1. Quickly run through segment 1-45 and pick out the residues that are more than 29 Å from Glu139 (Cβ to Cβ) and among the β-branched types (Val, Ile, Thr).
2. Working only within segment 122-172, note down all residues that are outside any loop (DSSP other than H, G, I, E, B) and over 16 Å from Leu6 (Cα atoms).
3. Where in segment 1-103 are there helices (runs of 4 or more DSSP H), lying wholly inside it, with at least 1 residues that are closer than 30 Å to Leu159 by Cβ and without any contact (Cβ under 8 Å) to a residue 40 or more places away in the chain?
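The values are calculated or read from the model by the stated rules, or taken from the named source; none is laboratory data. Just so it is clear, the structure is predicted and the values come from calculations on it, not from any experiment. Glycine also receives a Cβ, built like all others from the backbone with ideal geometry; neighbour counts cover every protein chain displayed.
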Amino acid sequence: MTDRELLKFVDSYCVEDKPCFVAKIEAFRNKRPFKAAVEIAANGKEVGGTRNRHLHWLWSSSRKSLDEAVGILTKMTAKLNRCHNFEELHKLISDRVSSIKNIKKVYCYDVALRIGASRGFLPKKVYVHAAPVKKAARELNPDMVINSDETVEVKTLPLALHRLKAYEVEDFLCIFKKYLKKKMNSNK
């Protein structure tokens, strides 16, 4: 894929997808009390009550697992509130709920992203927790180093993505993964 083609995708994301996504995350920044932000995020919802689109699979087949994760996370609101950065928050959430059947890494990340926003911190690295997102990142830079915490530095990705914040890059890769793969395969 050429830099120009990737830039077109990023431009499209910035116009069509980013404003809505950023607004959803920013809504958590002002959500008080903190416990309410934890409950909403843990339930796989956005502040306005809509469902988090990344967690659609939890609503139909895994309601029991979701309820278990919500119970754990709402009981540990004080611990979540004592985290000092996104990485610490994400690790705490992952450590506590990732062993629950049907709770995937994307749940831990999305919940941490929203709770982190309510605390005023967001990821500084791109989380490539889901296989399709990881593959999309690799398509853009096959030599990229994926850290042990399944993150990559924004600077290791093509220049066109550097204008996005780390959490926006993750969203971009998630949305455009199929098209990026098709485009990369057609260029071979």
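1. Taking segment 1-45 and keeping what is more than 29 Å from Glu139 (Cβ to Cβ), we get 26-43, 45.
If the condition is that a residue be more than 29 Å from Glu139 (Cβ to Cβ) and among the β-branched types (Val, Ile, Thr), then Val38, Ile40 are the ones that fit.
2. Val126, Tyr127, Ala131, Pro132, Lys134, Thr151, Val152, Ala166, Tyr167
3. Answer list for segment 1-103: 3-16, 18-29, 86-97.
Here is a yes/no grid of residues against (1) among the charged types (D, E, K, R); (2) in the same structural domain as Leu159 (by TED's automatic domain parsing); (3) under 14 Å from the mean Cα position of the chain (by Cα):
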residue	(1), (2), (3)
Lys75	yes, no, no
Glu87	yes, no, yes
Ile103	no, no, no
Tyr107	no, no, yes
